[in-house]
Structures are given as C-alpha cells and as structure tokens.
Amino acid sequence: MFSTLINTTRDRMAKRRRYNRLVDEIMGMSHRDLADINGNRTDMLQHAYKEVYGR
C-alpha cells in the first residue's frame with residue numbers, strides 16, 4: 001500500500017514536471033514564432049494538458 005502511494009506520487013510529479021516544461025516552452029514563444037507556425041497559444045496549452053494528463 002505504501003509503495004503504491006509512493007509510485008502514484010512519483011507519477012504525478014513526473015507528469016507535472018513534463019506539463020510545466022511544455023507550458024514554459026509554449027509561453028516562451030514570441031508572437032512571431034507563433035505566427036510562423038500558424039499556432040494559437042491557447043490551443044497549444046490545451047493540447048499540452050491533454051497530452052500529459054489524457055483528459
């Protein structure tokens with residue numbers, strides 16, 4: 001039971017780190033970068049969340 005709790009916590013922390021890295025990368029993009037790839041910051045953040053958390 002304790003090991004399950006530890007594994008669940010590690011998994012959540014890893015997902016949070018991955019999500020934070022993606023958010024930092026997206027937020028670090030300039031308007032010009034977004035225009036060059038025809039990207040929308042909001043859509044990219046939503047996709048990042050779905051990619052990491054699957055919801």
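The values are calculated or read from the model by the stated rules, or taken from the named source; none is laboratory data. As the structure is a prediction and not an experimental result, all values here were calculated from the model. A quick note on method: Cβ atoms are made from the backbone with ideal geometry, for glycine too, and the neighbour counts reach across all protein chains shown.
Being more than 24 Å from Arg55 (Cβ to Cβ), in contact with a helix residue (DSSP H, G or I) (Cβ under 7 Å, 6 or more places away or on another chain) and assigned to a helix (DSSP H, G or I): is that true of Leu45 here? No, not satisfied. Residues in the stretch 6-37 that are under 19 Å from Gly54 (Cα atoms) and polar (S, T, N, Q): Asn7, Thr8, Thr9, Asn20. Ser30 meets the conditions (1) under 13 Å from the mean Cα position of the chain (by Cα); (2) at negative phi in every case but one. The failed one is (1).
Okay, residues lined up against (1) exposed (fewer than 10 other Cβ atoms within 10 Å of the Cβ); (2) basic (Lys, Arg); (3) modelled with pLDDT of 95 or more; (4) touching a strand residue (DSSP E or B) at 6+ places or on another chain (Cβ under 9 Å):
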| position | (1), (2), (3), (4) |
| --- | --- |
| Ser3 | yes, no, no, no |
| Arg18 | no, yes, yes, no |
| Met27 | no, no, yes, no |
| His47 | no, no, yes, no |
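Close Cβ contacts (under 6 Å, 6 or more residues apart or on different chains) running from residues in the stretch 2-21 that are of a type in the set (Lys, Arg) to residues that are surrounded by 10 or more Cβ atoms within 10 Å (Cβ to Cβ) comprise Lys15/Val52; Arg18/Val52.
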